[in-house]
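The values are calculated or read from the model by the stated rules, or taken from the named source; none is laboratory data. Everything numeric in this text was worked out from a predicted model, so none of it was measured. With ideal geometry, Cβ positions are generated from the backbone for all residues, glycine too; neighbour counts draw on all protein chains shown. For accessibility, only protein heavy atoms count, side chains too; no ligands or nucleic acids. Shrake-Rupley method; radii C 1.70, N 1.55, O 1.52, S 1.80 Å.
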Amino acid sequence: MSNDLNTAFLSATPLPALLVDQSERIISANADAHALLGQHITGRHFATILRQPLVIEAIESSLRSKAPRETRHLSNDGARDTTYVVHCRYVNGIGAVQGGAVMVTFMDVTHLEHAEQMRRDFVANVSHELRTPLTALMGFIETLRGPARDDSQARDRFLKIMDDESNRMNRLVGDLLSLNRVESEERVRPKEEVDLTAQLASTLNSIRPLAESAGVDLNLVAPKAPLIVAGDPDQLQQVFTNLIENAIKYGGSGGVVDVSLTQVERDPAIRAPAIHIQIADKGPGIDSVHLPRLTERFYRGDNHRSRELGGTGLGLAIVKHIINRHRGRLRIESKLGQGTVFTVILPR
Ligand SMILES: Nc1ncnc2c1ncn2[C@@H]1O[C@H](COP(=O)(O)OP(=O)(O)OP(=O)(O)O)[C@@H](O)[C@H]1O
Ligand SMILES: [Mg+2]
């Protein structure tokens, strides 16, 4: 096969790819390989370009045995690490000298590794979150069987704590199932018609007792007329409930939570006519270091306070998935000491 043909085949390969023949030189490389390894690599000894010992070993071994080899290559462009799976495959009958050449391809598996890492973190987080209340329950059961056996006052106090802890586990499992359901439906567009005006009013009514016991004024500013969107009513209710509950739980010290519903001609984020639902509190606000990660599962701004309030840290993750399913956006703006505004942007 001519060298032109080799180059043509390499340029049609959808991965960084190069050929190393029996003279141990790179005889051809495609544009992606140049982008990964540099412009002037053809004609060079492969070990001066690919310096990682595992990669050198794999190519050498494949050249000698003509058998396939596989290894990993790590690269860093200064900004981020990328992991490649490197395949060496022997091609007979090509190359400048007798004997053929090894085709080396680089497959970017960074996103797979990332997904795998997230899965591991998720399992670790769930176990940890479940273990904390479980440990408390086990401790109290032991105490009730032993030292506090005949102490009726202690028994009542412990049962109350056990009740709280088992509720917490129940909420956690409920939220996990909810997250799972929302995620699996994320690509299915909701079709029902939802009147946002009515939906918000009813959500506010059901949360009002919580606001009152927290001493928070809960206000709604919305048009009188119905505002219909295609949506999933239960899921939208879940979004508004969590955001308003959060505003009361974490921003309630500001004494007021304002909810508003407005129509905008065009929202730049979704590049379309939109509806904005804003939930604003005048509480302590959220440090900007937390903002980008707030919608991650189990992420809590103030870990201690959130747990104390019985939060699972899954609320905003669920909110984000629901809004994605509705092709909308969630915007979070916050100033320390001045409060927080969550804006749900839905396409009209
Ligand atoms: N209005 C707010 N003001 C200040 N911090 C907030 C506000 N809303 C959310 N947060 C922070 O964001 C974190 C994540 O919120 P999220 O709703 O995901 O979890 P949670 O409320 O702790 O648990 P859950 O909603 O599952 O009961 C909270 O723990 C809190 O630290
Ligand atoms: Mg919450």
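General remarks:
- Exactly one residue out of 78, 43, 38 is modelled with pLDDT under 95, loosely packed, with under 14 Cβ neighbours inside 10 Å and over 40 Å from the mean Cα position of the chain (by Cα), and it is 43.
- Hits in the range 16-35 (condition: under 18 Å from residue 76 (Cα atoms) and surrounded by fewer than 17 Cβ atoms within 10 Å (Cβ to Cβ)): 34, 35
- Inclusion of residue 236 among residues that are more than 28 Å from the chain's Cα centre (by Cα), under 25 Å from residue 314 (Cβ atoms), hydrophobic (A, V, I, L, M, F, W, C) and at pLDDT 95 or above is not warranted.
- Picking from residues in the range 260-272 that are open to solvent by less than 60 Å² (accessible area, probe 1.4 Å) and either free of Cβ contacts under 8 Å to residues at least 60 places away in the same chain or not in a loop (DSSP other than H, G, I, E, B) (or both), the one that is nearest to residue 340 (Cα to Cα) is 260.
- If you go through the range 188-197 and keep only what is farther than 14 Å from residue 241 by Cα and surrounded by 13 or more Cβ atoms within 10 Å (Cβ to Cβ), you end up with 190, 194, 195, 197.
- Only listed residue being basic (Lys, Arg) and on the phi > 0 side of the Ramachandran plot, chosen from 266, 300, 271: 271
- Residues in the range 206-259 that are more than 13 Å from ligand 2 (Cβ to nearest atom), open to solvent by 30 Å² or more (accessible area, probe 1.4 Å), closer than 23 Å to residue 195 by Cβ and not in a loop (DSSP other than H, G, I, E, B): 206, 208, 219, 220, 221, 228, 230, 233, 234, 237, 258.
- One residue stands out in the range 277-307 among those that are open to solvent by 80 Å² or more (accessible area, probe 1.4 Å) and away from ligand 2 (no atom under 16 Å from the Cβ): the one that is modelled with the highest pLDDT, namely 282.
- Residue in the range 308-315 that is open to solvent by 30 Å² or more (accessible area, probe 1.4 Å), modelled with pLDDT under 95 and under 20 Å from residue 203 (Cβ atoms) present: yes
- Across the range 123-140, not a single residue is classified as more than 30 Å from residue 308 (Cβ to Cβ), out of contact with any Ser or Thr (no Cβ under 8 Å at 6 or more places or on another chain) and free of Cβ contacts under 8 Å to residues at least 40 places away in the same chain.
- Looking across the range 142-187 at every residue that is part of a loop (DSSP other than H, G, I, E, B) and within 19 Å of the chain's Cα centre (by Cα), the one that is surrounded by the fewest Cβ atoms within 10 Å (Cβ to Cβ) is identified as 187.
- Scanning the range 313-334 for residues that are under 14 Å from residue 235 (Cα atoms) and more than 16 Å from ligand 2 (Cβ to nearest atom) yields a total of 5.
- Checked against (1) touching a helix residue (DSSP H, G or I) at 6+ places or on another chain (Cβ under 6 Å); (2) in a helix (DSSP H, G or I); (3) more than 30 Å from residue 155 (Cβ to Cβ), residue 117 passes all but condition (1).
- Some residue of the range 316-325 being of a type in the set (A, V, I, L, M) and open to solvent by 40 Å² or more (accessible area, probe 1.4 Å): no
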